[in-house]
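Here's the structure, in structure tokens; my notes come after.
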Amino acid sequence: MHFNQAQFAAVVAAAKAKAAASPRWVRAIERASVALQNGELIVTLLHDGALVTSPRGSYFVSNHCECEANRRGHSECRHRAAVRLVELLETAPAVTRASLIADIKSTWSRHFPGESLADELLRRFRVNYLEALSVDFLTAIRAAIA
């Protein structure tokens with residue numbers, strides 16, 4: 001499954017921030033994120049749930065999952081997290097280059113008021129303006145300073 005990397009990174013970051021009080025959910029989100037990106041998990045959204053396919057089997061996921069972790073009492077499985085990430089990804093507004101740049105500039109000025117963003121960009125990337133960087137770099141910068 002191919003994702004817009006910037007949009008997927010934003011969805012994962014938002015999900016981890018929302019689940020920050022639960023280390024098990026954060027871990028499940030991280031595992032689901034990696035598995036979705038490398039194709040280990042494939043999520044097919046259905047009307048009344050989702051089908052999650054993996055090398056170890058397929059699981060129907062609605063309010064719970066049929067996986068071994070859930071059978072052992074751990075409701076925070078990567079299958080449920082993967083379904084939620086795909087649902088969020090499908091409903092998320094598209095992340096635009098302009099919105100990334102605006103977000104980085106406003107975050108930078110709040111977190112590093114005395115430091116020049118242009119100087120830091122020049123030191124690290126050999127360019128002094130954000131518009132010269134790819135969306136993947138912009139996404140990584142936003143995640144690093146958030």
* **Number of the exception - Gly114 against (1) assigned by TED's automatic domain parsing to the domain that holds Ala17; (2) not in a helix (DSSP H, G or I); (3) not aromatic (Phe, Trp, Tyr)** => (1)
* Test: residue in the range 78-93 that is of a type in the set (Lys, Arg) and in contact with a His (Cβ under 8 Å, 6 or more places away or on another chain) -> yes
* Pairs with Cβ under 8 Å, 6+ apart, first in the range 89-105 and in contact (Cβ under 8 Å) with a residue 24 or more places away in the chain, second among the hydroxyl-bearing types (Ser, Thr, Tyr) -> Val95/Thr139; Leu100/Thr139
* **Odd one out for Asn128, checked against (1) without any contact (Cβ under 8 Å) to a residue 60 or more places away in the chain; (2) assigned to a helix (DSSP H, G or I); (3) more than 17 Å from Ala14 (Cβ to Cβ)** => (2)
* To do: Please state which one of Glu90, Glu68 is farther than 29 Å from Asp136 by Cβ and among the acidic types (Asp, Glu).
  => Glu68
* Any idea how many residues of the range 68-103 are more than 17 Å from the chain's Cα centre (by Cα) and buried (at least 21 other Cβ atoms within 10 Å of the Cβ)? -> 0
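Given the options Tyr59, Tyr129, name the one that is surrounded by fewer than 15 Cβ atoms within 10 Å (Cβ to Cβ), modelled with pLDDT of 90 or more and touching a Leu at 6+ places or on another chain (Cβ under 9 Å). Steps first, please.
Values: Tyr59 fails: surrounded by fewer than 15 Cβ atoms within 10 Å (Cβ to Cβ).
Exactly one of Tyr59, Tyr129 is surrounded by fewer than 15 Cβ atoms within 10 Å (Cβ to Cβ), modelled with pLDDT of 90 or more and touching a Leu at 6+ places or on another chain (Cβ under 9 Å), namely Tyr129.
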* Structure fact -> Requiring at least 3 residues that are outside the structural domain of Ala14 (by TED's automatic domain parsing) and within 16 Å of Ala19 (Cα to Cα), the helices (runs of 4 or more DSSP H) wholly within the range 58-111 are none
* Asked: Do you know which residues across the range 17-48 are part of a strand (DSSP E or B) and surrounded by fewer than 16 Cβ atoms within 10 Å (Cβ to Cβ)?
  -> Ile42, Thr44, Leu45, Leu46
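The values are calculated or read from the model by the stated rules, or taken from the named source; none is laboratory data. Fair warning: this is a prediction, and the values are worked out from it, not measured in the lab. We place every Cβ from the backbone using ideal geometry, glycine too, and count neighbours over all the protein chains shown.
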